[in-house]
Structures are given as C-alpha cells and as structure tokens.
Amino acid sequence: MELSVREKKPMPRNDAFPETDCRHNSPSVDKEPFTARMRFHQSWYRHHVLGLEPGPHPSSGGVLYGNMLTREDGDKGCNFLSDGIFAHAMERFPITRRGSVANRLYCNMLGSQTMCFNLFGPLKSDHSMSLASLLLSRLPGAPDEATVTGVLFEYAPEKTRHLNDATSFDAFITYTRPGGAKGFIGIETKLTEPFSRKHYPFAPRYAPWLKQHPAEWWWKPGAEARFSDLAYNQLWRNHLLVFSMLHQEVAEYTEGYCAVAYPNRDVQCGRAITAYRENLQPGGEATLLDWPLETVYEVWEPALTDDSQRQWMQAFFTRYLGFAQSEPAWVDFVNA
C-alpha cells in the first residue's frame, strides 16, 4: 500500500495557531465535550500536519471553520491519509456528484465516513485480501479462521427484499470460513455524531420480520416497543438489516455480524450501545460487535510489519487518537 506525501508537512501559511480568522468550535453543535475536543484536534491536524488553510462550512453561511478544508484541497484528496484511500472514496462517491454527502466526505475533517475510508481503505487496497484477513482476525468478536473476500463502502442489499428503507453499512466485509461458510460484517462508523435522529416506527415496515421469524428473533419479548428510541434506532436498523440478510428464502450468507467502530472517548456512543444491548437475547448479543478505535489501533499496530502499513496506522492514530499532541494548544484555547 502506497501512502501519499500528505504526512510530510508543507510550510503552513503562518505560525499562529489557533488561527483567529476561523472558528475552532461550534456552540450550536458541540454540546458534548468530546465533539468540541475532536473538532479542535482536526483543526490542529489541518494546520500542523497538513499545513492547509481552513475552509468554509456550507451549513454556516460560508463561515470558515478550522476542521474544514477548502474545496480545492478537498478535491485533491487532502482529507484522506493516502492516495489509494482517496481513490476508493472517489470510486464510491465521485467528486463530480457534488452534494452534501460529497462536501462532508471530502472537505469536513470531522466526518465519520471519511474516517471509515481512512480506517478500512487500506484493507481494500490489498487485492490479495491477506491484510484484511490478518487484521480482521484480531478484532474483538470476529469469526475464527475467516478469509476476507471483499471490502465495500456504503453498502446495502436490494431494499425491497430487506428493510425497504435507506439503512446501509458504512463498510461491509465479506469472508469465508473452513467448511464453506460464507459470512459478512456490516460496520457502522461513528466519530462524533450521534446515531440518526430520524424517527422510524417499528410497525408496519419492520414488524413483518418478527412475525415471520419469531423463533429466531434476536430481541427480547416486547423490545420492539423501544425500537423508535432515538438514542439507538439507527443501530437497531443496522442490526435488523443483518438479521434480514440471514433470513432470506435463499440466503447468500450463513452468518453475519453488525459492528460499531467509534472512539472510546465518545461516551455518548458507548452509552447508546450499552442501552441497546439491554434489548437483546443471546443470539442478538453474539452478533453485535463493539470496536473502539483505541482497541482497533492496539490490536492492529503490532500485527503490521510492512513500513508503509505501519506508516498508515501511525497516521491514523495521529489524526483521530493522538490528542496529547494537540493538548497544549487546547488548554490555551479553552483558557483564553
């Protein structure tokens, strides 16, 4: 895997940080302390690692934000850790199809989908899938002896045969196991944003899955009454999509999992997962995987022997977990 030169710091436009001509927090959004801290860290990363100017935030009337890139820099792929990862993003979300999704993916450094590409993109770049198989085997709860066969981004099966809604997985890993079993892991990635705040009622759209498969149902009796809880409704739909894929008349897969990858410091996300687990029976509990980014780094980094792979993993740590490097600037900022 070839990393770009983005980790080689160019000369910044000035030495002063944090800059005074842009915002480094959002009073209307950063109600969770972790969100404010991550936004500031992305601003620090843009200035000190990338050496780039801040860009306008499209939902704030064009006001400059420290965690935003200019469109020019976004179109160059500066929001991604390598040219290869950038290529995967362009393949899935072409830059020419400019819209809110593309703007967030390419220009907003706080976007979870960008983080998803930066974390799982190198697994897709290795066409032999040996890197993906190695790293998957080290993740908590991952199936034993799994050989990865594919890595996809923003994936959903055909709607009408499943949930008939917009539910999708940020990343989707397929694999085989000895004996011919075919499986998958549908991954939801979170950086700072909560699970979707859109209200989805259980009936009538989702209720048929309980009616058709009551004996295999992964959720406790009566849990469907809490389906619409906004704290974890999106997670429930992700998990239910896994259930539907395993309960087709002619199922393509014999096993499947729903995983959530998120920073452990994001206590809001952690609480939502914990609250959601209270609704699960053992079958559902076993198919929900919890992957804090700190744990992912701790189990992946020692397994990497190739210099370019280690460089990617270290760059990911600096970008999303290395708060110690921006801590002095953060302390000055909050105390100013």
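The values are calculated or read from the model by the stated rules, or taken from the named source; none is laboratory data. For clarity, every value in this text was computed on a predicted model and none was experimentally measured. A quick note on method: Cβ atoms are made from the backbone with ideal geometry, for glycine too, and the neighbour counts reach across all protein chains shown.
Structural remarks
- Flag if PRO208 is part of a loop (DSSP other than H, G, I, E, B) and over 17 Å from the mean Cα position of the chain (by Cα): no
- Test: residue in segment 257-279 that is charged (D, E, K, R), in the same structural domain as ALA146 (by TED's automatic domain parsing) and farther than 26 Å from SER112 by Cβ: no
- Candidates PHE333, PHE323: the one that is modelled with pLDDT under 95 and either in contact with a His (Cβ under 8 Å, 6 or more places away or on another chain) or of a type in the set (Val, Ile, Thr) (or both) is PHE333.
- When segment 204-257 is filtered for residues that are of a type in the set (Ser, Thr, Tyr) and more than 19 Å from THR167 (Cα to Cα), only THR254 remains.
- Candidates GLU294, GLU301 - the one that is acidic (Asp, Glu), assigned to a helix (DSSP H, G or I) and under 22 Å from ARG46 (Cα atoms): GLU294
- Qualifying residue in segment 140-160 (condition: surrounded by fewer than 17 Cβ atoms within 10 Å (Cβ to Cβ), assigned to a helix (DSSP H, G or I) and not assigned by TED's automatic domain parsing to the domain that holds THR35): yes
- Residue match in segment 152-168 (condition: among the hydroxyl-bearing types (Ser, Thr, Tyr) and more than 25 Å from the chain's Cα centre (by Cα)): yes
- Checked across segment 47-54, the condition of being more than 19 Å from ASP332 (Cβ to Cβ), within 22 Å of the chain's Cα centre (by Cα), assigned to a loop (DSSP other than H, G, I, E, B) and charged (D, E, K, R) holds for no residue.
- Residue in segment 211-222 that is surrounded by the fewest Cβ atoms within 10 Å (Cβ to Cβ), counting only those that are without any contact (Cβ under 8 Å) to a residue 60 or more places away in the chain and in a loop (DSSP other than H, G, I, E, B): ALA215
- THR254 meets the conditions (1) over 29 Å from LYS198 (Cβ atoms); (2) out of contact with any Gly (no Cβ under 7 Å at 6 or more places or on another chain) in every case but one. The failed one is (2).
- Test: PHE316 is over 17 Å from LYS190 (Cβ atoms), touching a residue at least 12 places away in the same chain (Cβ under 8 Å) and part of a helix (DSSP H, G or I): no
- Among (1) touching a residue at least 24 places away in the same chain (Cβ under 8 Å); (2) over 17 Å from LYS159 (Cβ atoms), the one test that LEU240 misses: (2)
- Scanning segment 89-110 for residues that are in a loop (DSSP other than H, G, I, E, B) and at pLDDT below 95, we see that the one that is surrounded by the most Cβ atoms within 10 Å (Cβ to Cβ) is PHE93.
- Top-ranked residue in segment 59-88 [being β-branched (Val, Ile, Thr) and surrounded by fewer than 20 Cβ atoms within 10 Å (Cβ to Cβ); ranked as nearest to GLU188 (Cα to Cα)]: THR70
- ASN279 being more than 19 Å from the chain's Cα centre (by Cα) and either buried (at least 18 other Cβ atoms within 10 Å of the Cβ) or modelled with pLDDT of 95 or more (or both): yes
- Search result, residues across segment 225-248 that are charged (D, E, K, R), crowded, with 19+ Cβ neighbours inside 10 Å and under 15 Å from GLU278 (Cα atoms): none
- Some residue of segment 244-255 being free of Cβ contacts under 8 Å to residues at least 60 places away in the same chain and either in contact with a Phe, Trp or Tyr (Cβ under 9 Å, 6 or more places away or on another chain) or part of a strand (DSSP E or B) (or both): yes
- For segment 182-205, filtered to residues that are surrounded by 18 or more Cβ atoms within 10 Å (Cβ to Cβ) and either more than 28 Å from the chain's Cα centre (by Cα) or of a type in the set (A, V, I, L, M, F, W, C) (or both), the residue that is farthest from ASN118 (Cα to Cα) is PHE202.
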